[in-house]
Amino acid sequence: MKNVGVLLFCFALFGSCQNTPIEKPDNLIDQDKMVDIMFDINVLEAMKSQTTLVLETNKINPNTYIYKKYNIDSLQFANSDKYYASDVKKYKEIFDAVNKRIEDQIEASKKLNTSPIPAPVQ
């Protein structure tokens, strides 16, 4: 998961250093949907590194899963990602929203795991 973040950060850094602004693609994925996609990519990457067997057993290809779930293709995603990466503020907003959602999920899972277990009824 860290590798994906580093890779996307580098992509954003290099994309933002261009002299010519990137034109908005005709089929730009809206920012909220990009947050959803990036969140799911992070979850799938974490699953891939932790529980590869689950993905393999269920024959889940992370890329195909994302494209089908969001009704997009790889070119649309790449162009949208490139567009957002060219604007560091927008890209940071996306990553901040993804990080917040990850933190919220972690907190929710902690609450589930720390709830007291009732004593058995005798």
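The values are calculated or read from the model by the stated rules, or taken from the named source; none is laboratory data. All of these numbers come straight from a predicted model, not from anything done at the bench. Virtual Cβ from ideal backbone geometry, glycine too; neighbours counted across all protein chains shown. Areas reflect the complete protein model, heavy atoms only, side chains present, ligands, DNA and RNA absent. Shrake-Rupley method; radii C 1.70, N 1.55, O 1.52, S 1.80 Å.
Among the residues of the range 49-69, those that are open to solvent by less than 70 Å² (accessible area, probe 1.4 Å) and at pLDDT 90 or above comprise T64, I66, Y67. Summed over the range 70-97, the residues that are of a type in the set (V, I, T) and at pLDDT 95 or above give a count of 2.
When the criteria are applied in full, M34 meets the requirement of being hydrophobic (A, V, I, L, M, F, W, C) and touching a residue at least 24 places away in the same chain (Cβ under 8 Å).
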